[in-house]
Amino acid sequence: QYSLIKDVVSSLKRHRMHEQQFTHHPLLVLSNFGLQQIHVKLMASMFQNMFPSINVHKVNLNSIKRCLLVSYDAETQLLDFRHYSVKVVPVGVSKGLKKLLQEKFPNMSRLEDISELL
């Protein structure tokens, strides 16, 4: 079973798709591939070799824009593919500063100074 991209986009509340998402490979997440059967190991190895490995100490988090989740169901022997868009957002800062860091320009007409926003 599959869905067309136009059907997926029309069902989204917030459409977030831009060309920069596809400049780097996705982060691969494999689920339920820990079984000892040879065909499961072969599938896991195939998916791991489709994308370059990531060094967690050197990876730039801003370059990761997508996540590919591949889940294996042992009972039905089916694979589920999910493709997610990843957005890095600042945490632990004020709402005004968060908007500035995300390059959104807040309405400052009611403010006298930028310190009120921060």
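Just so it is clear, none of the values below were taken in a lab; they were calculated from the coordinates. Just so it is clear, the structure is predicted and the values come from calculations on it, not from any experiment. Because the Cβ atoms are built from the backbone with ideal geometry, glycine has one as well, and the counts that use them run over all protein chains shown.
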Calculate one ³J(HN,Hα) per residue across the stretch 18-33 by plugging θ = phi - 60° into the Karplus curve 6.51 cos²θ - 1.76 cosθ + 1.60, and present them in order as whole Hz with x for glycine and proline. 9, 4, 5, 5, 9, 7, 10, 6, x, 7, 8, 10, 9, 10, 6, 9
Could you pull out every residue, at least 5 positions away or on a different chain, whose amide H is within less than 5 Å of the one on Ile64? Hs are placed 1.01 Å off N in the peptide plane, and Pro or chain starts have none. none
DSSP beta bridges in the chain: the antiparallel percent, rounded to 5, is 60 percent
Net dipole in debye of the chain [+1 Lys, Arg Cβ; -1 Asp, Glu Cβ; about Cα centre; nearest 20]: 200 debye
Taking Cα atoms, how many degrees apart are the long axis of helix 38-50 and the longest axis of the chain, rounded to 10 and kept between 0 and 90? 40 degrees
Once you have the alpha carbon radius of gyration of the chain, what is it after dividing by 2.2 N^0.38 Å, with N set to its residue count? 1.49
